[in-house]
Amino acid sequence: MRPKGVFGVSVPGSGLGKGLAVTIKTLVTRSTTQQYPDVKPELPPRSRGVIALREENCTVCMLCARECPDWCIYIDSHKEEVVVPGAARPRQRNVLDQFDIDFSLCMYCGICIEVCPFDALFWSPEFEYAEHDIRNLLHNKDRLGEWMETVPPPQPHDHRGEPSKEEANAAKKSGAA
Amino acid sequence: MLPGMQWLELALRVGAVTVAFLVLPLLVGQTEHKVMAHMQARLGPMYAGGFHGWAQLVADGVKFIQKEDITPRAADSPVFKLAPGVALIPYLLALAVIPLGPGDLVGEPLDIGLFFVLAIVGVGVVAVLMAAWSSANKYSLLGGLRAAAQLMGYELPFVLAAASVAMAAGTLSLPGIVEAWEPWWLIWQLPAAIVFFISGLAEIRRPPFDMPIADSELVFGYLTEYTGMRFAFFLLAEYVGIVVISALTATLFLGGWHGPMAESLGWLWMLLKTAAVAFVVIWLRVAWPRLREDQLQRLCWLVLVPVSLLQLVLTAAVRVAMVQS
């Protein structure tokens, strides 16, 4: 059915007037075009651009590699003995040899970051790492470490949201004591 | 006057008209780039020349020069090559007789200026038919025939509307018409102004009257086979056409150089009025869809021609009443 104009009567040619009104309104409205290569986009703080690695936090627990739906994380390590003075036996610790993420496979689900128990993986909003050769999308642990600089500080909690589990627990403990 | 002065003055006038012929269409074209972009919530050209892409059309021109100039093997070569020139020259001549300001500020003050302009703008159809027929391309030919039907039809209301003003002013000279113009003519000649503007749009085949080009149906109509500079000339002709139609509308119906301090600033008023009409031309292109071929003819013969005939009657009646009182 045709839309009706004033008094239920559609005026012939009213559509032409509407067209003129829409275009002139758009003309005087500021365009929202982003001048991307000249002006960097303002990305929201939790943007999923690239995954950064803080190597010293990694314990080679392999959780990320195992949870990754695409199997795009490759980890290799060896064990080293650490002699602790005063201890009965030398301790063993894992040393990371290889930590690669293949961004040609990664689907940016962020499960590896969620699952990491030691805060070794972070989201960075950086996204300008396109390559001419797909093989160069395999970032090794040095390259992943470089992204750490671009990781934004954690966002403050929403002041009207639920308190974090740690906060709630602490409050409960202090209340009980 | 010294004999040498005459030639100097002539050279000056021809030079000024040529400069206007080359600069104003570029201004209109750049305005169209930007206005159309912003009406579509875009930014338009932003790079060429640095500041908001002001040199975009210069860059386009450089690109057109570099392109290969192709003449199809089956084409009628001399006619094919001549057509862009035939499209362009009439508008240059038309610009020469349109008054810019009071007094002698006109390329060539012709006594039958209006008659001359209407005749010479009608030559455009010849260029279109030449381009269409010589291209040896069925889409070109279809476009050309559409253009011929359109231009033949719209010539009539175009001329009748202009005749109304000529009758009101009692002269065919364009400076004379502007001289005789009074503000209340805006009401008196309003139907003629609207008819003249609409059929002027159809004359220069601007959207919503771009049936001859109709790129969704006819590739690019009579321009399909053109490349490089010849194509650029046709495009230039379209934009000079906008300038000419806008300037004519401003001269005949909007009072040309009339305005505050017309003696010294008349040229500015004329340019501003022309620019305002040109803006409307661009605006209509962005806002309105193309007419179908039958709608196009229907609008011409069933609306514009009767309205312009009624306007002629009205003009004559008011004129007779004025003379008798």
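The values are calculated or read from the model by the stated rules, or taken from the named source; none is laboratory data. For clarity, every value in this text was computed on a predicted model and none was experimentally measured. As a convention, Cβ positions derive from the backbone with ideal geometry for all residues, glycine included, and neighbour counts pool all protein chains shown. Protein only, heavy atoms only, side chains kept; ligands, DNA and RNA dropped before computing areas. Shrake-Rupley method; radii C 1.70, N 1.55, O 1.52, S 1.80 Å.
Assorted remarks:
- Residues whose amide H falls under 5 Å from that of B:ALA48, counting only those 5 or more places apart or on a different chain, are B:GLY53, with hydrogens built in the peptide plane.
- Mean sequence separation of contacting Cα pairs (under 8 Å, at least six apart), scaled by the length of chain A, corresponds to a relative contact order of 24 percent.
- Of the trypsin sites (Lys or Arg not before Pro) found in the stretch B:1-52, those in coil by DSSP whose Cβ has at most 16 other Cβ atoms within 10 Å are B:ARG42.
- Listed residue (A:ALA170, A:ILE24, A:TRP71) projecting farthest to the positive dipole end of chain A, Cβ model: A:ILE24
- Accessible area per residue was computed with a 1.4 Å probe on protein heavy atoms; B:LEU92 scores about 50 Å².
- Sequence-separation-based contact order of the stretch B:70-324, relative, with Cα cut under 8 Å and 6+ spacing, percent: 27
- Whole-number D in µm² s⁻¹ for the stretch A:112-177, Kirkwood Cα-pair radius fed into Stokes-Einstein, 4 °C, 1.567 mPa s: 83
- Taken about its Cα centre, the stretch B:70-324 carries a charge dipole of about 580 debye when Lys and Arg each add +1 at the Cβ and Asp and Glu each add -1 at the Cβ.
- A DSSP coil position with no more than 11 other Cβ atoms inside 10 Å describes the following trypsin sites (Lys or Arg not before Pro) in the stretch B:73-174: B:ARG73.
- Euclidean distance between Cα centres, the stretch B:252-325 to the stretch B:59-93, Å: 32
- When chain A is treated as a Gaussian network with alpha carbon springs shorter than 10 Å, the biggest mean-square fluctuation among A:LYS40, A:LYS141, A:LYS18 belongs to A:LYS18.
- Heavy-atom accessible area ranking, 1.4 Å probe, most first, across A:SER104, B:SER199, B:SER325, A:SER174: B:SER325, A:SER174, A:SER104, B:SER199
- With a Förster radius of 41 Å applied to the C-beta separation of A:ASP119 and A:VAL39, the computed FRET efficiency comes to 0.80.
- Positive-end extreme of charge dipole, the protein assembly as shown - chosen from B:ALA250, A:SER14, B:PHE158 (charges on Cβ): A:SER14
- DSSP-loop chymotrypsin sites (Phe, Trp or Tyr not before Pro) across the stretch A:45-112, with at most 16 other Cβ within 10 angstrom: A:TRP71, A:TYR108
- Comparing B:MET130, B:MET46, B:MET167 in a Gaussian network model of chain B where C-alpha atoms under 10 Å apart are linked, the largest mean-square fluctuation is found at B:MET46.
- Stokes-Einstein D in µm²/s, Kirkwood radius over Cα pairs - the stretch A:55-177 at 25 °C with 0.890 mPa s viscosity: 141
- Normalised by residue count, the protein assembly as shown yields a Cα convex hull volume of 325 Å³ per residue.
- Nearby aspartates and glutamates by direct alpha-carbon distance to A:LYS79 (threshold 13 angstrom, same-chain neighbours under 8 apart not counted): A:ASP97
- Euclidean distance of C-alpha centroids, the stretch A:4-75 and the stretch A:130-177, integer Å: 22
- Hull volume per residue, based on the alpha-carbon atoms of chain B and their convex hull, is 157 Å³.
- Residue (of B:PRO78, B:ILE198, B:ALA317) at the positive-pole extreme of the protein assembly as shown, dipole from beta-carbon charges: B:ALA317
- The long axis of helix A:14-28 is offset from the longest Cα principal axis of chain A by roughly 40 degrees.
- Once the 1.4 Å probe is applied to the protein heavy atoms, the protein assembly as shown comes out at 56 Å² accessible per residue.
- Helix-only [θ]222 nm of chain A, DSSP H runs n ≥ 4, -39500 (n - 2.57) each, per residue, nearest 500: -6500 deg cm²/dmol
- Difference of contour (0.36 nm per residue) and Cα-Cα distance, B:ALA276 to B:GLN324: 13.6 nm
- Minimum 50 Å² accessible area buried by the other protein chains, the stretch B:33-49 residues, probe 1.4 Å, relative to alone: B:HIS38, B:MET39, B:LEU43, B:TYR47
- Candidates A:ALA65, A:ALA21, A:ALA130, ranked by Gaussian network fluctuation over chain A, Cα under 10 Å, top entry: A:ALA21
- Sites excluded, chymotrypsin sites (Phe, Trp or Tyr not before Pro) in DSSP loops with at most 15 other C-beta within 10 Å, longest stretch of chain B: B:185-325
- Which listed pairs, of A:LYS141/A:LYS165; A:LYS25/B:LYS273; A:LYS18/B:LYS273, have C-alpha distances above 30 Å, in listed order: A:LYS141/A:LYS165
- What the Kirkwood sum gives for the stretch B:228-319 is a hydrodynamic radius of 15.9 Å, with every pair of different alpha carbons counted.
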